[in-house]
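Here's the structure we're looking at; comments come further down.
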Amino acid sequence: MLNFCKSLIYALLLSLLSITAFAEQGLFWKAESNSSKPIYLFGTIHTDDNRVTEFSPRVIEALKAVDVFMMEVEPPKDTSILQMQDANLSTILSAQELEQVYVLADFHVMHRDAVLRTKPWLLAVVFDSPRPLTPYAQDNLLMRLAEDLGKDVIGLETADEHFSVMDGLTLDEQVAFLRKVLRRSQKTKERDYEQLVKAYLKGDADKLSAMNDKMTGSMLPAELWARMRVKLLDERNLAMAERILAKAHDKSLFVAVDASHLAGKTGLVATLKKAGYKISVVK
């Protein structure tokens, strides 16, 4: 069950990056203020792809220099938050759809019984993502390194807060989301993933923004995505910024957060600027 839970979290975070906007040109930022401790912001992509898991010396130096490592979300202690309480996919999906679910469950190394009780939106996210080769995505590796360095490690969100956002979808909306994913070919999923990683490596904001429109347009109705985007980004950005600023009063921070949360008018970079911080890209 633990490995199943890790797979769900990994795929969720990867997918949420693929359907959100990207930060301005730069993945690694330093925020400085006369009244607070320095803050490093590192935009992550939640994958174990070895193209993004080799960290530069500047990243390691910054991590060594801070007091606290803040990651996006704490791992869930109770896996029941991933499951439906009063429904089962065996009574919702057709026989053909169930067979597709079983094939994808086997591909992602998930127990079939657990899959049938998993929330449909979460399954959709998992099934639309590549199978992780290790349990150590980029942000997990940073967390391990921080722990090895003796840093305090805390989450910007609890698992309940993190997963409750998509729980706002009705069961019918979640099932529709899952059915969209079931109709996507593995070739298409792999192509989209490869484009995403390449855009991340280039820091190509325009391309990622275009990918955002294309991917989300095929997954959720426009009105529904507009509503969910406010909750996934704008509202969460505000809560994250408040917690970062509160902690930075007496502790220096290394914040590892999905790159999408750095972007735009409500992103963490803009919010720290408004709070009086001098922001600069760490090359």
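The values are calculated or read from the model by the stated rules, or taken from the named source; none is laboratory data. For clarity, every value in this text was computed on a predicted model and none was experimentally measured. No Cβ is skipped: glycine too gets one built from the backbone with ideal geometry, and neighbour counts run over all protein chains shown.
Tabulated data for the structure shown
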quantity	calculated
Subset of the stretch 224-242 (residues that are within 23 Å of residue 151 (Cα to Cα) and crowded, with 17+ Cβ neighbours inside 10 Å)	240, 241
Count of the stretch 247-275 residues which are more than 19 Å from the chain's Cα centre (by Cα) and either hydroxyl-bearing (Ser, Thr, Tyr) or part of a helix (DSSP H, G or I) (or both)	7
Subset of the stretch 82-130 (residues that are surrounded by 14 or more Cβ atoms within 10 Å (Cβ to Cβ) and among the β-branched types (Val, Ile, Thr))	92, 101, 115, 118, 125, 126
Residue in the stretch 100-108 that is among the acidic types (Asp, Glu) and modelled with pLDDT under 90 present	no
Of the criteria (1) under 25 Å from residue 160 (Cβ atoms); (2) in contact (Cβ under 8 Å) with a residue 60 or more places away in the chain; (3) not basic (Lys, Arg), which one residue 62 fails	(1)
Any hit, the stretch 180-192, residues being touching a Pro at 6+ places or on another chain (Cβ under 9 Å), of a type outside the set (Gly, Ala, Ser) and over 19 Å from residue 259 (Cβ atoms)	yes
Any pair with Cβ under 7 angstrom, 6 or more apart, that starts in the stretch 245-259 at a residue that is crowded, with 21+ Cβ neighbours inside 10 Å and ends at one that is at pLDDT below 90 and among the hydrophobic types (A, V, I, L, M, F, W, C)	258/13; 258/16; 258/17; 259/17; 259/22; 259/23; 259/27; 259/45
Set 73, 101, 115: member being β-branched (Val, Ile, Thr), touching a His at 6+ places or on another chain (Cβ under 6 Å) and under 29 Å from residue 170 (Cβ atoms)	73
Scope the stretch 131-152; condition more than 30 Å from residue 103 (Cβ to Cβ) and buried (at least 16 other Cβ atoms within 10 Å of the Cβ); matching residues	141, 142, 143, 145, 146, 151
